[in-house]
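Presented below is the structure to which this report refers.
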Amino acid sequence: QLQVVESGGGLVQPGGSLRLSCAASRFALNYYRIGWFRQAPGKEREGVSCIGTSGGSTVFADSVKGRFTISRDNAKNTVYLQMNSLKPEDTAIYYCAAAFALQPKCFLTPESYAYWGQGTQVTVSS
């Protein structure tokens, strides 16, 4: 079974930046669509961003458009979520999710992903 591991979370000031990583071993992530989801205290889990197998198909939630970017580094078998201009409302546990795909589209629906990481905490505070 595919295992993915998130890293890069931590404490950052409002307006700052953070880069999250989603990495795997043995399996090549370029054959999987990758989604980032987050859950804040008292709120439902929401989709943040996703990237398709081609790397050219990406989706962003309205709340993060213009601030976040997503990319692949196939040599490192890693997907990155670059988070800029962070706001306190971005505070949440962030999860990486993966699903094997033959088509390049990706989706911000949790049911579209079979494999999930353990989550990494992101806290935006002064």
Legend entry - Lysine pairs with alpha-carbon atoms under 21 Å apart, the chain, spacing 8 or more or separate chains: 4
Legend entry - Mean projected area in nm² (Cα convex hull; one quarter of hull surface) for the chain: 7.1 nm²
Legend entry - Apportionment of accessible area to carbon and sulfur, the range 40-121, percent (1.4 Å): 51 percent
Inset, instruction - Calculate the spin-label point distance for Ala75 paired with Ser7, positioning each point 7 Å from the Cα along the beta-carbon direction, and give it in nanometres. - result: 1.8 nm
Legend entry - Rg over Rh [alpha-carbon atoms, Kirkwood Rh] for the range 30-86: 0.99
Legend entry - Å² of accessible area per residue within the chain, as computed with a 1.4 Å probe and no ligands counted: 52 Å²
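The values are calculated or read from the model by the stated rules, or taken from the named source; none is laboratory data. Just so it is clear, the structure is predicted and the values come from calculations on it, not from any experiment. All Cβ positions, glycine included, derive from the backbone under ideal geometry; neighbour counts span all protein chains shown. Areas reflect the complete protein model, heavy atoms only, side chains present, ligands, DNA and RNA absent. Shrake-Rupley method; radii C 1.70, N 1.55, O 1.52, S 1.80 Å.
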